[in-house]
Amino acid sequence: MSNGVSTSTDKIIVDKSRSHRNKPVSKAVRQTRERLQSGHSSTAAFDRDVLRMYMTAFTQGAALMPLFVIIIAALGIYFTGDTQIFFWAVATLVAYAANVYLVRRARKQEMTAESARKWRRALLAGQLPIGLAWAFFAFQSCPACEPSSFILYKGATLLIALSVTAMSNFMLAPSVLVTFTPAIIALAAKAGISRDVLELSLTALFTTTVIFFSYISDRLFKQNLRILSFQSEKDDLIAELEVAKSMSDEARRRAEEANLAKSRFLASMSHELRTPLNAILGFSEVMSSEVMGPLNNPTYKEYTGDIHRSGQHLLNLINEILDLSRIEAGKYELSEEAISLLDISEDCIGMVQLRASGKNIAISQQFEPELPSVWADEKSMRQVVLNLLSNAVKFTPQGGEIHVKVGWTAGGGQYISIKDNGPGIPEEEIPIVLSAFGQGSIAIKSAEQGTGLGLPIVQAILAKHDGQFVLKSKLREGTEVIAILPGKRVLQSLPAVEEAHAVSRKRKSFA
C-alpha cells in the first residue's frame with residue numbers, strides 16, 4: 001500500500017507528494033500577480049486584518065477615553081454645580097464599557113470573512129450609544145454660567161473627544177461620523193432654538209472639524225490598507241520563493257541521486273567490461289602474432305587484428321568516459337609536480353609521429369628556449385597534448401602540416417598551441433564540438449572514429465589547473481587549439497651558481 005512518498009529516481013523534477021502543499025501557495029502567487037497587474041487591492045480581502053488592528057488599538061487605549069470623561073465631568077460639576085453632567089458621565093462610561101466588552105468578545109472569536117463583516121457592523125452599532133451620550137453633552141446648557149465660558153468648555157471637550165476618537169478608531173472607517181453625527185444634530189438643534197451666535201459658531205466649527213477628521217481617518221485607513229496589501233504581496237512572493245526553493249532542492253536531490261547511480265554504474269561496468277576486454281585484447285594479440293602457431297586461413301589473422309583494434313577502441317572509450325565522470329564528480333585528483341611543457345610536447349610529438357608520417361603530414365616545432373618548469377600533473381598534461389595532437393593528425397588531410405608552439409603568455413603563464421591546415425570547423429558547430437560526445441559534421445562525413453570526449457576532457461583538465469582552453473577555427477583554413485596555464489603555476493628558477501656550467505637541454509629526435 002502506497003504511503004504517498006515518492007522513492008523513485010526518475011527525472012520528474014517536482015516530487016508529486018508535495019502537490020498538496022504547492023497548490024495553495026501557487027494559488028496565492030497567482031492572486032498576488034493579478035493584484036500587481038491590476039494595480040489595486042480589494043478592501044474585502046483585508047476585512048479580518050483591519051478588524052484585528054482596530055480591536056488591538058481600541059483595547060490598548062481603552063482606559064484613555066473613560067479617564068478623559070471622568071476629568072471633564074469633575075471639572076464641569078466643580079465649576080457649574082450641575083448634576084446633569086454626573087448622569088451624562090455615568091451614561092458615557094457605561095457606553096464605553098459596553099464597547100470594551102464587545103471588542104473583547106470579538107477578539108476571542110475565530111474570524112472568518114463572513115464573521116468579520118458581521119462583527120464590523122456590530123462594532124459600528126456599538127459606537128451609536130457613545131454618539132448619543134456626546135449628543136446629550138452637546139445639548140446641555142448652564143443658565144447660571146457665563147454663556148461664552150460654558151460654550152468654550154463644551155466646544156473644547158467635544159474637539160478633544162473628536163480627535164482622540166478619530167486617532168484610535170480610524171481602522172473602523174465610518175466610526176467618526178457614526179459617533180459624532182448625533183452631536184452635530186444636537187448642536188444644530190441647540191443653536192436653532194437659542195439663535196445664539198456663539199452656539200451657531202460652535203456648530204459650524206465642530207461640523208467642519210468632524211468632516212476634516214473624517215477625511216484624515218479615511219486617508220489613514222486607505223494608507224493602512226495599502227500597507228496590508230504590500231505585506232500580503234511580500235508574503236505571497238516569499239511563498240513563491242519557497243516553492244522555487246522546494247523545486248530546486250528536489251531537482252538537486254534527484255540530480256545527486258542520478259549522479260550517484262551513474263557513478264555506481266560506471267564503477268561496476270568499468271570492472272565488468274575491463275576484465276573481459278583484457279582477455280579479448282590479450283588473446284587476439286596472441287592469435288594475431290601467431291605465438292602458438294600459424295593460422296591456416298589468412299582471413300582469420302585479419303579478423304584477429306580487427307578484434308584487437310576494436311577492443312582497444314572500446315577500452316579507450318571506457319577510460320575517457322570514466323575520466324570525464326571523475327572530473328564532473330570532483331573525484332579527479334591531481335598529482336602535481338614540477339614538469340616541463342617542452343619535454344611533454346616533444347614526447348607527444350614522438351608518439352603521433354608514425355601516424356603523421358603515414359599520412360605524409362609534416363609536424364613543425366617552435367619552442368621558446370629555456371622555459372622554466374610548471375607546477376602541474378604530468379599525466380594529465382600529457383593527455384591534454386596527446387588528445388590535441390591526435391585530433392590534428394586525424395583531421396589534417398594527406399600532405400598537410402601541423403605547427404606546434406610552446407611559449408610565454410602575455411600574463412606570465414605558458415601555453416601550447418597546435419595549429420593544422422585541415423578543413424576547419426564551421427563557427428556554429430564549435431559549441432557542439434566542445435560538448436561531451438559532440439562531433440562536427442566533417443568528422444561525421446569523414447567517418448573518423450572518435451567518442452567526442454577528447455576536447456571536453458581537455459577543457460576539464462585545464463580548468464582543474466586554473467588554466468584556459470581556446471579553440472580558433474575557420475572553414476577551409478584550419479584549426480588552432482591553445483592550452484594555457486596561468487602564471488601562478490610557473491616555477492621561477494633560481495640563478496645558476498657561478499662555478500657550475502650550464503647544461504643545455506637535450507633535444508629528442510624521432511624517426
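Dipole of region 320-415 computed with +1 at Lys/Arg Cβ and -1 at Asp/Glu Cβ about the Cα centre; of T409, C348, P397, farthest Cα towards the positive end is P397.
Residues in region 147-160 carry Karplus couplings, in order, of x, 5, 5, 5, 5, 5, 4, 5, x, 4, 4, 5, 5, 5 Hz; the curve used is 6.51 cos²θ - 1.76 cosθ + 1.60 with θ = phi - 60°, and Gly or Pro positions show x.
What does a probe at R104 reach in region 160-204, counting residues whose amide N is under 12 Å from the point 7 Å along Cα→Cβ? It comes to no residues whatsoever.
Spin-label model, I211 to I238: label points 7 Å out along the Cα-to-beta-carbon direction sit 4.4 nm apart.
With the dipole of region 47-118 worked out from charges on the C-beta (+1 for Lys and Arg, -1 for Asp and Glu) around the Cα centre, which of G81, A91, Y101 lies farthest toward the positive end? Farthest along the dipole direction, towards plus: Y101. Taking all protein chains together, R489, R107, R48 sort by accessible area into R107, R48, R489, largest first [probe 1.4 Å]. From the P(r) of region 68-119, can you give the percent of Cα pairs sitting at distances over 18 Å? Counting every Cα pair in region 68-119, those more than 18 Å apart make up 50 percent. Residues whose amide H falls under 5 Å from that of I402, counting only those 5 or more places apart or on a different chain, are A362, I363, S364, with hydrogens built in the peptide plane. Go ahead and run the numbers for FRET between A122 and E427, Cβ-Cβ distance against an R0 of 60 Å, rounding to 0.05. Calculated transfer efficiency: 0.20.
Surface composition of region 209-346: carbon plus sulfur atoms contribute 60% of the solvent-accessible area (1.4 Å probe, protein chains only, all chains present). Counting heavy atoms of the protein chains alone, E302 has an accessible area of about 110 Å² for a 1.4 Å probe.
The modelled label-to-label distance for the pair S201/T112, using points 7 Å beyond Cα in the direction of Cβ, is 5.7 nm. Gain on full extension, evaluated as 0.36 nm per residue between T299 and K222 minus their Cα-Cα distance, stands at 18.2 nm.
With a probe of 1.4 Å, find how much accessible area region 39-185 has per residue, and write the answer as a whole number in Å².
Working: 7470 Å² over 147 residues.
Here the per-residue accessible area is 51 Å².
In this structure Y300 has an accessible area near 130 Å², from a 1.4 Å probe over the protein heavy atoms. Ignoring aspartates and glutamates fewer than eight residues from K234 along the same chain, the ones with Cα atoms less than 16 angstrom from its Cα are E34, D49, E242. Full extension of the segment from F230 to A144, taken as 0.36 nm per residue of separation minus the current Cα-Cα distance, would add 25.2 nm.
The modelled label-to-label distance between L491 and T59, using points 7 Å beyond Cα along the C-beta direction, is 7.6 nm.
Taking 0.36 nm per residue of separation and subtracting the Cα-Cα distance, full extension of the segment from N278 to E250 would add 6.0 nm. The calculated FRET efficiency for N360 paired with R476, based on their beta-carbon distance and R0 = 25 Å, is about 0.80.
Per atom type, region 87-204 shows carbon and sulfur on 69% of its accessible surface, probed at 1.4 Å. Which far-off residues, 5 or more places away or on another chain, put their amide H under 5 Å from the one on Q414, with H placed in the peptide plane? It is T409, L485, by chain and number. For the listed residue pairs K379/K464; K108/K245; K379/K474; K262/K464, the alpha carbons are over 25 angstrom apart in K108/K245; K379/K474.
At an R0 of 22 angstrom, the distance between the Cβ atoms of D347 and L314 translates into a FRET efficiency of 0.30. Ligands, DNA and RNA aside, K488 has an accessible area near 150 Å² when probed at 1.4 Å.
The values are calculated or read from the model by the stated rules, or taken from the named source; none is laboratory data. Just so it is clear, the model here is predicted, and its values are computed rather than measured. Heads up, the Cβs are rebuilt from the backbone with ideal geometry, glycines too, and the neighbour counts pull from every protein chain shown. Please note that ligands, DNA and RNA were not included when accessible areas were found on the heavy atoms of the full protein model with its side chains. Shrake-Rupley method; radii C 1.70, N 1.55, O 1.52, S 1.80 Å.
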